[in-house]
Amino acid sequence: MCTVVIDVEDAGTARLLAVRDEDPLRAWDSLGAWWPEDHPGVIGIRDRRAGGAWLAANPAERRLAVLLNRADVHDLPEAHAVSRGSLALESVRGRSPEAPLPMHGFNLLEVGPEGARVLSWDGAELRETPIEPGTHMIAHDDLDDATTPRIEAWLPEFRALGPTADSPDWTAEWTALLASSAELAPEDDRAIIRDNRPHGYPTQSLLYCIASVTADGVEVRDVTLPSPAHWSE
């Protein structure tokens, strides 16, 4: 139930805000170079249990990837499911997933020199959605899906801020809007900073990342929320 807002300027330039929802009892590590042997030069947010990444970046190759869960159209037994944590790590090294995949559903947002796109796997089909210039939003359904309450509520607000390239401090503007969205109760299905337990999932918003991918490289900053599903104490 994670959320990403992304503003694409051109094929090699994008800026984004990513909010991670996860079970607070599942241990994780903040942004770092956690895979020096298997993925040299890659930094990311590491899941300690499976060893993979929710968000990963390869500054030298100007690549960034974010993993979001998506519902399956077919049941996949847990005993047969492979962790999705490798997807972002492989992506930022130029290796995108190919179907069929022994994994639960996902949306994998990829940003690189060739452009930005979302790869969506639902257990039966792997689809590619190019992300055109402009501001977009994705969660557990399709890109800019207006049937997702938080996208319907907040995508127009982010678009109203205008192109990030025209702002002297887009990160402050986007973070302020994220803070404004947190005035909603975290259980509200329109919320970006979320408590998903009333909706049938054990996950809550734990952190957010601000990132930019440009011709100069990749910049990422992560911020841990003071407590799960809450913007402030």
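The values are calculated or read from the model by the stated rules, or taken from the named source; none is laboratory data. Keep in mind it's a predicted model, so treat the numbers as computed, not measured. Cβ: placed from backbone, ideal geometry, glycine included. Neighbour counts: every protein chain shown. We work out accessible area using only protein heavy atoms, side chains counted, and drop any ligands, DNA or RNA first. Shrake-Rupley method; radii C 1.70, N 1.55, O 1.52, S 1.80 Å.
Using a cutoff of 8 angstrom between alpha carbon atoms and counting only pairs six or more residues apart, the relative contact order for the chain works out to 24 percent. Is it possible to state the helix-based mean residue ellipticity at 222 nm for the chain, with each DSSP H run of 4+ residues giving -39500 (n - 2.57), the sum divided by total residues, to the nearest 500 deg cm²/dmol? What is it? After summing the helix terms and dividing by the residues of the chain, the value is -4000 deg cm²/dmol. Computed over protein heavy atoms with a 1.4 Å probe, the carbon and sulfur contribution to the accessible area of the chain reaches 49%.
Using a probe of 1.4 Å on the protein chains alone, the accessible area found for residue 197 is around 140 Å².
In order along the range 34-46, phi translates into HN-Hα couplings of 7, 10, x, 8, 7, 9, x, x, 9, 10, x, 8, 9 Hz, rounded to whole numbers, per the Karplus curve 6.51 cos²θ - 1.76 cosθ + 1.60 with θ = phi - 60° and x for Gly and Pro.
Based on Cα contacts under 8 Å between residues 6+ apart, the range 80-175 shows a relative contact order of 16 percent.
Taking the chain as a Gaussian network, Cα atoms linked when under 10 Å apart, which of 65, 88, 79 shows the biggest mean-square fluctuation? Between 65, 88, 79, it is 79 that shows the largest mean-square fluctuation. Using Cα pairs under 8 angstrom and six or more residues apart, how large is the relative contact order of the range 37-109, in percent? Dividing the mean separation by the residue count of the range 37-109 yields 34 percent. For the chain, the dipole from Cβ point charges (+1 on Lys and Arg, -1 on Asp and Glu) about the Cα centre works out to 540 debye, to the nearest 20. Can you compute log10 of I(q)/I(0) for the chain with the Debye formula, treating each Cα as one identical point scatterer, at q = 0.08, 0.18 Å⁻¹? So the normalised log intensities work out to -0.26, -1.53. When the chain is treated as a GNM with alpha-carbon contacts under 10 Å, the residue of 150, 127, 20 showing the greatest mean-square fluctuation is 127.
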